[in-house]
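Here is the structure we will look at, set down as structure tokens.
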Amino acid sequence: MRKISVARRTETDQSGQPYSFEYCLLAEEAEAGGAAIGESYGVQVTSFSEGTVQDTRSIPNLTVSAQRIHELMDLLVRNCVTPVSLDGVVEDWLAL
């Protein structure tokens, strides 16, 4: 599996503590009947505080569409989605 860093954002919580979020695209070979048929894409979001990883959430194999995964990555970055909220956002996105 390849992990490609797409973006990093820094936001401040209510107490003034800065948190950084890294958004990564996950790509791996998709197979059918034992033969490679292309790539399957997923996402990973990691939160950092003072340079230390606080939380990470990965969801592999969401789509085989490069366009759809880029739309999802844009949504995640634009809305500063956290690892904790990633599952709910992806569930809603899959329902579209």
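The values are calculated or read from the model by the stated rules, or taken from the named source; none is laboratory data. Just so it is clear, the structure is predicted and the values come from calculations on it, not from any experiment. As a convention, Cβ positions derive from the backbone with ideal geometry for all residues, glycine included, and neighbour counts pool all protein chains shown.
Details
- Scanning the stretch 10-28 for residues that are of a type outside the set (Asp, Glu) and surrounded by 12 or more Cβ atoms within 10 Å (Cβ to Cβ) yields Tyr19, Ser20, Phe21, Tyr23, Cys24, Leu25, Leu26, Ala27.
- Any hit, the stretch 65-82, residues being at pLDDT below 95, assigned to a strand (DSSP E or B) and closer than 13 Å to Leu25 by Cβ: no
- Residues satisfying the stated conditions in the stretch 29-64, i.e. of a type in the set (D, E, K, R) and either exposed (fewer than 14 other Cβ atoms within 10 Å of the Cβ) or assigned to a loop (DSSP other than H, G, I, E, B) (or both): Glu29, Glu31, Glu50
- Residue match in the stretch 1-11 (condition: outside any strand (DSSP E or B), out of contact with any Ser or Thr (no Cβ under 8 Å at 6 or more places or on another chain) and free of Cβ contacts under 8 Å to residues at least 24 places away in the same chain): no
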